[in-house]
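Here the structure is laid out as structure tokens; the discussion comes afterwards.
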Amino acid sequence: MRIALFEPDIPQNTGNIFRLGACLGIEIDIIEPTGYVFDDKRFRRSAMDYINLVKFQKHLDWNSFYKWANDSSFNIVLLTTKATKKYYDYKFKSNDILLFGRESSGVPNHVRENVNEKLLIPMVKEARSINLSSSVAIVASHACIQLRIF
């Protein structure tokens, strides 16, 4: 299983997700462009020294990521507020890539239309969204439990 971030906007979220990936042994994919310089001090501060423990790969854009994922037989699973299937009703697989959109705008339609599965983290009606790094932690932890990674 892997975690992919589509054009992330906030360096602190990306750093937190790198730290989570390092702790859980999950590789990270960054689909560029990012909304910040990748060496941003805010990113490095939140990733801390865990950046040396996580395996990550940067992809030039959605098309190069999509081609790589398909050529590598990965299953792209998008977490989105526009889904109806709840993440805990999905049977995670070891070849899943958990894809999360930009903090500011999610993913564009052409991305949403080209994933294998769309999942929702349910929340109260009044809320718009859960913080990106929190969303990743919720779903990745559940997937690890299902896959018996620990």
Taking a probe of 1.4 Å and leaving out DNA, RNA and ligands, the chain shows per residue an accessible area in Å² of 53 Å²
By the DSSP-based rule, helices of the chain that are at least 18 Å long along the axis (C-alpha) and have a mean Kyte score of at least 0.5 are 132-147
With the contact rule set at Cα under 8 Å and sequence spacing of 6 or more, what percent relative contact order holds for the range 71-122? 58 percent
For the chain, what is the mean residue ellipticity at 222 nm derived from helices alone (per DSSP H run of n ≥ 4: -39500 (n - 2.57); sum divided by total residues; nearest 500 deg cm²/dmol)? -10000 deg cm²/dmol
Just how large is the dipole of the chain about the Cα centre, in debye to the nearest 20, putting +1 at every Lys and Arg Cβ and -1 at every Asp and Glu Cβ? 400 debye
Rounded if a/c is under 1.5, else prolate if a/b beats b/c, else oblate: with a ≥ b ≥ c from the C-alpha gyration tensor eigenvalues square-rooted, which is the range 90-150? oblate
Over the chain, what is the relative contact order in percent, taking alpha-carbon pairs closer than 8 angstrom and at least six residues apart? 28 percent
The range 1-89: equivalent-ellipsoid semi-axes (sqrt of 5 x gyration tensor eigenvalues, Cα, Å): 22, 16, 14
Over the range 1-42, the quotient of the Cα radius of gyration and 2.2 N^0.38 Å is 1.09
Multiplying the sequence separation of residue 70 and residue 113 by 0.36 nm and subtracting their Cα-Cα distance, what value in nm do you get? 14.0 nm
At R0 = 25 Å the Cβ-Cβ FRET efficiency linking residue 61 and residue 129, nearest 0.05, sits at 0.60
Please list, or write none, the lysines whose alpha carbon is within less than 21 Å of the alpha carbon of residue 125, excluding same-chain residues fewer than 8 places away. 82, 85, 86
Using the alpha-carbon centroid of each, what span in Å lies between the range 5-32 and the range 33-82? 6 Å
Can you list residues whose amide H is under 5 Å from residue 129's amide H, if they're 5+ apart or on another chain and H is modeled 1.01 Å from N? none
Along the charge dipole of the range 18-77, pointing to its positive end and built from +1/-1 on Cβ of Lys, Arg, Asp and Glu, which listed residue (59, 26, 73) has its Cα farthest out? 26
Among DSSP beta bridges whose residues both lie in the chain, state the antiparallel percentage, nearest 5. 5 percent
Solvent-accessible surface (1.4 angstrom probe) belonging to residue 82, in square angstrom, nearest 10: 140 Å²
Leaving out ligands, DNA and RNA, and with a 1.4 Å probe, what % of the accessible surface on the range 91-144 is carbon or sulfur? 48 percent
Sorted largest first, the Cα spans of the chain on the principal axes come out in Å as 38, 37, 34
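The values are calculated or read from the model by the stated rules, or taken from the named source; none is laboratory data. Here the structure is a predicted model, which is why all the values come from computation and not from measurement. So basically every Cβ, Gly included, is an ideal-geometry build from the backbone, and we count neighbours across all protein chains shown. Surface areas here come from the heavy atoms of the whole protein model, side chains and all, with no ligands, DNA or RNA. Shrake-Rupley method; radii C 1.70, N 1.55, O 1.52, S 1.80 Å.
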